Every structure is written in structure tokens, then in C-alpha cells.
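**Student:** Right, I'll just put the structure down here and ask away after.
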């Protein structure tokens with residue numbers, strides 16, 4: 001876009017949209033900034049860099065190796081898989097997609113427990129495959145590849161029908177697949193880097209697999225040495241090392257998303273294929289998916305044998321019942337805060353190119369930075385602010401609000417996408433006919449955004465519930481989510497009890513995702529098919 | 001319209017364009033792709049600001065350089081967009097009804113007007129269908145009904161050939177007797193269809209004349 005046209009659009013939008021957008025982005029980014037500033041105040045940069053030696057440097061190196069491996073592994077599985085699922089319609093596709101969503105909403109330490117528990121099935125000389133680095137790597141891939149699948153799927157779905165049909169005519173199914181794969185690569189790469197950073201910042205699998213990384217260093221500084229400042233400085237150092245990669249990928253993915261993901265409404269291509277090749281490819285992906293997930297699932301159920309199985313499951317249900325109120329409260333608050341902010345962001349951005357690009361860049365940046373940096377900044381702000389801020393900066397509300405702020409980019413991306421596929425002429429007709437803004441918002445805009453809003457609410461709630469590292473940093477004394485309760489007993493509960501808790505969690509995840517998949521299908525049916 | 005200019009970045013779309021449209025007349029604005037036809041309609045509708053020039057409707061200034069003087073919905077016009085701009089979640093009836101948001105009528109009167117216009121467009125049986133459930137032709141009729149329902153003083157049709165079937169301007173005399181040819185950002189020639197057909201000066205009409213028999217006006 002030319003500079004003159006760009007500046008004209010900025011001028012048009014500057015009236016009220018600029019302060020609103022800036023306020024929301026600042027709120028999401030402020031805790032991170034707080035962490036950075038307070039760390040630099042406490043210790044100068046050269047002093048902080050002095051920490052980069054000995055055990056800390058070793059932990060950092062291990063974490064970076066893990067991150068690189070998870071990015072490569074999840075991209076190798078998720079990118080072609082997601083492209084395939086975006087291109088081909090087949091019976092059971094929706095069930096497969098719903099089941100793929102479960103690992104996203106399940107704490108990574110739970111998969112680590114499953115894999116670790118699967119070890120006795122292997123011969124002793126092969127048990128190292130599920131220990132240390134290989135174990136942490138597998139856990140990271142299991143957790144991350146569904147994210148890559150969904151991102152690549154979304155990328156493949158944005159291909160114009162004419163392009164797909166041309167590729168199909170030129171090279172059949174294989175040509176069609178190759179053309180789409182190139183198109184979905186940026187989305188897949190962005191998701192895999194995001195997953196890699198989250199794997200690096202997650203202390204759970206490291207603790208279980210015995211692969212001591214930087215996330216464990218931060219958690220120990222905070223919860224064992226009670227030194228939030230040290231934890232923040234370590235988190236900042238980790239961020240500084242990651243920043244070049246995160247910035248480069250965020251910039252690239254933002255540009256791509258702005259041009260493609262938020263593109264114009266497009267005609268849908270025929271995605272039904274006959275023949276052996278599509279069927280074999282789909283079956284191949286399903287086989288890889290089952291092969292990746294089944295060891296952890298089998299491992300989780302292994303200790304549940306004999307007479308005490310019912311007791312273990314009963315205990316799991318009791319803990320779920322005890323912590324359900326707190327868990328749902330945090331999840332619900334986070335979902336509402338994030339979705340409201342996301343909707344406002346998408347409405348303020350509209351189709352203004354510089355605004356959308358800025359929001360996308362901030363979104364990917366906030367999501368890709370280690371969650372602990374945000375949580376520590378939020379806790380630091382709560383400690384410094386006056387008492388009148390306590391109702392939302394401390395206690396139960398704080399956890400949900402902190403998550404809501406950090407995850408607000410998710411609904412923003414969803415709603416921006418939903419808003420952008422609506423032709424601009426729809427809004428212009430409303431302007432021409434003088435439809436009042438509130439009426440247009442209520443009758444047309446919000447119903448159009450409704451599926452994106454529902455998806456965002458669910459996603460943010462489940463991601464918040466599954467998180468353990470930020471929850472442990474922000475949780476008020478005595479409170480506990482289902483996830484933090486499981487994490488709290490990893491070291492001292494019996495294998496059977498732990499297994500009961502994990503199985504109840506995974507089953508709850510499947511039930512929840514299944515429920516929402518059915519609601520979504522009914523909603524689609526109610527809207528009726530298109531010609 | 002006097003001395004209109006509009007550019008997108010370095011791409012100058014309209015340059016010193018001046019023309020007028022008489023009341024109670026149909027005008028067909030034609031020209032090659034990308035010559036600025038849609039831009040001109042959007043400027044008249046008040047959806048874009050002018051870089052230079054002025055636009056008046058019934059003598060009143062509505063747009064001037066860098067400023068929308070009268071808001072689009074106060075200009076007494078309606079427009080059918082190239083992609084129709086139907087609200088996808090509303091039925092055909094609701095689409096037309098919401099288009100009457102600013103018309104000062106009771107709800108019952110609005111409903112009657114909507115029913116009448118849908119009947120005129122032969123869309124009564126599809127009044128409860130949403131746009132994705134309608135064929136392209138039916139969607140076009142709903143968009144036309146929505147525009148006509150407000151009884152505009154000026155009706156702008158972007159790519160009317162798509163809505164009203166005709167393609168060649170010399171075949172379009174059923175909807176238009178006056179033609180203006182837009183080339184290189186300005187009006188190359190204008191007048192009645194009969195005059196222009198006899199002595200076309202613009203490349204657009206010369207090319208089309210070679211394809212078509214003389215129109216009967």
C-alpha cells in the first residue's frame with residue numbers, strides 16, 4: 001500500500017479508534033513491560049547477563065534445543081496434516097478435528113505423566129526413549145502439533161477456489177496438495193514457533209521427564225526461593241534470547257495473515273475427492289495421530305487396574321468437584337475479558353491496514369512471549385498498585401483477568417477474521433441507508449461474529465484452565481484449579497491416584513469438546529445450507 | 001460534479017472530471033475496466049472523499065475537497081453494489097426492512113412497503129430465505145428491492161449489466177438513453193445513445209459499435 005493512502009487511512013481512523021486500540025494493546029502488554037522495567041531497575045543489564053553461566057546457561061541451552069526440536073517435530077507432522085484436513089472432506093472429519101482439539105486443552109504435564117507411565121511397557125534398554133530429552137520432546141510435539149494442524153488447516157481454507165481448481169486440473173490431487181501446502185506454511189510455522197516457545201516456558205514436562213530447563217529455573221526461583229525478582233530476571237533473560245526469533249516470526253506471520261487470513265470473502269472449492277491417494281493420505285495422518293497420542297493415553301490408564309481403580313476415579317471426581325468452582329470461575333473470567341477485548345479490537349481495526357497489522361504483530365508477540373513473564377509482571381504490578389486495585393489485581397479475579405489480558409489476541413484474531421470475510425459493501429450499504437450503529441451492531445455485526453465469539457470463549461477458557469505455570473504464580477493462597485491440584489500432587493500421590501486424576505481430566509476434555517462440537521453442528525443445521 | 005479528482009496513492013483514478021445528470025433520466029456510465037466507474041459512484045454516494053472538486057445534488061453541495069458535507073444517508077440516494085452487499089444473516093424480508101431504518105414510517109407501513117417491493121421483484125415466495133439460500137439472480141433482485149424500497153431520488157447501480165441482464169451499452173437502451181464514457185479518469189464523451197452511436201469518439205464505443213447493430217432508441 002502506498003504511503004499517501006496509508007496515512008489517509010490512519011488519519012481517518014485516528015479520531016476514536018487509535019486511543020481505544022492503543023489502550024487495549026497496552027493493557028495486554030503492560031505486565032510484560034512491567035516485568036522488563038522492574039528487572040532492569042533491580043539489576044543492570046550487564047549484571048543480569050552475568051547470570052548467563054554455569055547451571056543457568058546449561059538450562060537455557062537445553063531449553064533452546066528442546067524448543068527447536070519441538071518446532072521441527074510439530075511442523076513435520078502438523079503442517080501436512082493440517083493442509084490435508086483443510087482440503088479434503090471425508091466421513092468423520094469433524095470427529096477427528098474435535099478429538100485433535102483435546103491435547104490443546106490438556107496440561108502438558110499430563111501427557112508427560114502418561115508417557116512416563118508408559119515406560120514399563122518397553123524393554124529396559126528402550127526406556128530412555130521416554131525419558132529426559134526424548135520424553136520432553138515427545139510431550140512437546142503431542143501438545144503442539146494439533147495447534148499446527150489447526151493453523152495450517154485455516155491457511156489451506158483461505159485459498160481461493162479458482163486457485164485450487166486450477167492446481168487440481170494441472171496436477172490432480174497431488175498438485176492440489178502441493179499448491180496448498182506452500183500456502184499454509186506460514187501459518188503452520190507461526191503456530192509451531194508459538195508451540196515451541198510454550199514448550200520451552202512450561203516447567204511441567206521438564207520436572208516429570210527429568211530434563212531441567214529454563215522454565216524449571218524460573219519456577220524454582222519463585223516457589224522454592226520465594227524470589228519473584230530473580231524469577232522475573234530469569235524470565236527476562238529467556239525472553240531476550242528468544243526475542244529475535246519471536247519478532248521475526250511474528251512480523252512474517254502478521255504480514256501473511258493480514259494479506260491472506262483476513263482476505264476477502266471467497267468462493268468455496270469442491271473438497272470431495274475420489275480415489276485411493278486422498279484416502280491413503282488421510283489414513284496415514286490418522287495413523288500418525290493415533291501413534292503419537294496412544295502411548296500417553298495407554299500410559300495414563302496403566303495404573304488403573306485391580307480393585308482400587310474405582311476408588312482412584314472416585315478420588316479424581318471428588319477433586320474435580322472440589323475445584324470445579326474455582327476452575328470455572330478463572331476460565332470464565334478469562335474468556336469473558338479476552339473475548340470482550342478481542343471484539344472491541346476487531347471492531348476498532350475494521351479494514352484499516354496499519355491498524356490490523358499492528359494488532360496482529362502485538363497479538364503474535366504477546367502470545368509468543370513466555371507466559372511467566374506476563375504473570376510475574378502482573379503480580380509485580382499488583383504489589384505496587386494502591387489497595388483500590390486489589391479487587392481485580394489480587395485474589396480470584398486476578399488470575400482470570402491476567403489470563404484474559406494475555407489471551408485477548410486469540411479472540412481478536414478470530415473476530416478480525418470473521419469481520420474481514422464479510423464484504424465491505426455490507427457495511428457501506430448500512431451507511432448509505434443510515435442504519436443506526438447500535439442496530440447494525442446488534443442485527444448484523446454481532447451475529448456475524450457470534451461463531452468466532454463462541455469459539456474464542458471456549459478456547460480461552462480451556463487454555464486458561466489447562467495452564468499451570470502462570471496459575472501457580474498468580475493463585476491466591478488456599479485456592480486451586482483442577483490443573484494446579486493435579487500438579488501439586490505429582491511428587492507425593494500414588495501412581496493410581498495420579499492416574500485417576502489425569503483420566504478424569506482427559507475424559508472431561510473429550511466430553512466438553514464433544515458437547516461443543518454437537519452444539520456447533522446443530523447451529524450450522526439451524527442456519528441452513530447454502531446453494 | 002465539477003473538476004473531480006481522486007487518487008489512491010500514486011494511482012490517479014479520476015482527473016478533472018466534470019459532468020451533470022438530469023433529473024428523471026437514466027444515465028449509463030461506461031468505460032474500460034479500472035477506469036474509475038465504481039470510484040465515481042462511491043464519490044457520489046459519499047463513501048469516499050474527493051481529492052479535488054465538488055459534488056452537488058439538486059443544487060446543494062454534498063462533497064468537496066477532503067470533506068463529506070452531507071452524510072451518505074442524507075443524500076436521498078440508494079446504491080446496488082457490484083457484490084450486492086446483502087447482510088448474510090438476515091432474510092430477504094429483513095434485508096429490505098433494515099434498509100428502511102431511517103425512513104419515517106410505522107413498523108406496519110414499513111412491512112407493507114417491503115412486501116409490495118418484494119412482490120414487484122417476484123420475490124414473495126423467497127421472503128424468508130437468507131442470501132446464501134438464494135440463487136445469484138434472486139440475490140440481485142433482493143439487493144435491487146432494498147435499494148428501491150427507500151424510494152431514492154437517485155439510484156446508483158454498480159455493474160447494472162449483472163443485475164439487469166444487458167451487457168453491451170448499445171443493448172442497454174432499455175435502461176438508459178443517455179451514455180457517458182469514462183476513459184483515462186475523465187468523461188471522454190456523453191450524450192444520447194443515438195447520437196453517440198452514429199459518431200463515437202471514444203475507443204470504448206467504437207469497439208462496441210463494431211460488435212453491434214444500431215440500437216433502436
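**Student:** Just tell me how shielded A:131-142 is by partners: mean number of partner chain Cβ atoms within 10 Å of each residue's Cβ, no decimals. Could the numbers behind the result be given before it?
**Tutor:** Values: counts 0, 0, 0, 0, 0, 0, 0, 0, 0, 0, 0, 0.
Mean shielding by partner chains, rounded to a whole number: 0.
**Student:** Taking just the alpha carbons, could you work out the radius of gyration and Dmax for segment A:127-231, both in angstroms?
**Tutor:** Both quantities, over Cα of segment A:127-231: 19.8, 64 Å.
**Student:** State the antiparallel share, in %, of DSSP beta bridges confined to the protein assembly as shown, rounding to the nearest 5.
**Tutor:** On the way: 18 of 27 bridges.
About 65 percent, rounded to the nearest 5.
**Student:** For a Förster distance of 35 Å, can you work out the FRET efficiency between the beta-carbons of residue A:492 and residue A:52, rounded to the nearest 0.05?
**Tutor:** E between residue A:492 and residue A:52, to the nearest 0.05, is 0.55.
**Student:** To continue, here is another question. For chain B, what class follows from the C-alpha gyration tensor (a ≥ b ≥ c being the square roots of its eigenvalues): rounded when a/c is under 1.5, otherwise prolate if a/b is larger than b/c, else oblate? The partial results should precede the final answer.
**Tutor:** Details: a/c = 2.01, a/b = 1.36, b/c = 1.48.
The shape class here is oblate.
**Student:** Against the longest alpha carbon principal axis of chain B, how many degrees, from 0 to 90 and to the nearest 10, is the axis of helix B:136-149 turned?
**Tutor:** 90
**Student:** Give me the one-decimal nm value for the distance between modelled label points at residue A:170 and residue A:121, 7 Å along each residue's Cα-to-Cβ direction.
**Tutor:** Label at residue A:170, label at residue A:121, 4.5 nm between them.
**Student:** Turning to a different aspect of this structure: What nm distance separates the two modelled labels at residue A:317 and residue B:74, each placed 7 Å from Cα along Cα→Cβ?
**Tutor:** Label-label distance for residue A:317 and residue B:74, simple model: 6.7 nm.
**Student:** Please list, in order, the residues from segment A:61-105 whose amide nitrogen is less than 19 Å from a point placed 7 Å along the Cα→Cβ vector of residue A:129.
**Tutor:** A:70, A:73-74, A:77
**Student:** Along the Cα→Cβ direction, 7 angstrom out, place labels at residue A:353 and residue A:226. What is the inter-label distance in nm?
**Tutor:** 5.6
**Student:** Taking 0.36 nm per intervening residue step and subtracting the Cα-Cα distance, what contour gain separates residue B:109 from residue B:54 on full extension? Show your work: numbers first, answer last.
**Tutor:** Details: separation 55, 0.36 × 55 = 19.80 nm, distance 3.68 nm.
Extending this stretch completely gives an extra 16.1 nm.
**Student:** Could you tell me what percent of the DSSP beta bridges with both partners in chain B are antiparallel, to the nearest 5?
**Tutor:** Numbers: 18 of 27 bridges.
Beta bridges within chain B, antiparallel portion: roughly 65 percent.
**Student:** Please arrange A:79, A:34, A:16 by counting, for each residue, the other beta carbons lying within 10 Å of its beta carbon, fewest first.
**Tutor:** Working: A:79 25, A:34 20, A:16 9.
Going from least to most buried by this count: A:16, A:34, A:79.
**Student:** Still on this structure: In segment B:101-139, which residues have a backbone nitrogen under 11 Å from the label point lying 7 Å from residue B:151's Cα in the Cα-to-Cβ direction?
**Tutor:** B:104-105, B:113
**Student:** Something else now. In whole angstrom, note down how far apart the Cα centers of segment B:47-110 and segment A:391-409 are.
**Tutor:** For segment B:47-110 versus segment A:391-409, the Cα centre distance is 43 Å.
**Student:** Okay, moving on. Normalised radius of gyration for chain A, please: alpha carbon Rg relative to 2.2 N^0.38 Å, two decimal places. Don't skip to the answer; put the middle values down first.
**Tutor:** Values: Rg = 23.3 Å, N = 531, 2.2 N^0.38 = 23.9 Å.
Normalised Cα radius of gyration, chain A: 0.98.
**Student:** How high is the FRET efficiency between residue B:19 and residue B:210 when r is their beta carbon distance and R₀ equals 25 Å, given to the nearest 0.05?
**Tutor:** Values: r = 26 Å, r/R0 = 1.03.
The pair residue B:19/residue B:210 has a calculated efficiency of 0.45.
**Student:** Let me ask something else about it. Please compute, for peptide B:38-51, the average count of beta-carbon atoms on other protein chains lying within 10 Å of each residue's beta-carbon. Before the final figure, lay out the partial values.
**Tutor:** On the way: counts 0, 0, 0, 0, 1, 0, 0, 3, 2, 6, 0, 2, 0, 2.
Whole-number average of other-chain Cβ neighbours for B:38-51 is 1.
Read the figures in this text as sums done on the coordinates, not as results from a lab. If you're wondering where the values come from, they're calculated on a predicted model, not measured in any experiment. In this analysis, Cβ positions are derived from the backbone assuming ideal geometry, glycine residues included, and neighbour counts consider all displayed protein chains.
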